[in-house]
Amino acid sequence: YVGVQHSFWLPEWGVKEDLVPGLESGTVMRFQPDDAGTFPIRCAEYCGLKHSLMQGQIDIVAEEGRTCDEDIGIQKSSSGTSGGGY
C-alpha cells in the first residue's frame, strides 16, 4: 500500500506542514500558540476523493499547573499569525 501526501493546515495561525508518506523519521511540527481555544484544522493538499472530508479541530489548553493568561511575549499579528515560535 502506498500512502498519499497530506498537508496539516491550521488557518487561524497560518501554520501548514506537509506530511509526506514513507519518511522514516516521520514529520514533526511545533508551534507556540498564543490563545487557548478550539481551532479548525484541514488538509491543504488534495489527497483523493474524500479530501473535502479531512477536517477536524485542535484544542489548545494550558499545561497542567499553568494558566493560559501567562504572557510569554509572543503577540498575534493582524494577519492571525504570531511573530515566531513555530
Residues whose modelled amide H sits under 5 Å from the amide H of GLN5, counting only those 5 or more places away in sequence or on another chain, are none
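Quick check: net charge around THR27, other residues with Cβ under 15 Å of its Cβ, Lys/Arg +1 and Asp/Glu -1? Provide the component values of the computation, followed by the final result.
Values: positive: LYS16, ARG30; negative: GLU17, ASP18, GLU24, GLU45.
Here the count lands on -2.
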Sort 23-30, 58-65, 35-42, 3-10 for me by packing, meaning the mean count of neighbouring Cβ atoms within 10 Å per residue, highest on top. 3-10, 35-42, 58-65, 23-30
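Rule-based calculations on the coordinates, nothing more; no lab input. None of the values given here were measured: they were computed from a predicted structure. Cβ sites come from the backbone with ideal geometry, for glycine too, and all protein chains shown count toward neighbours.
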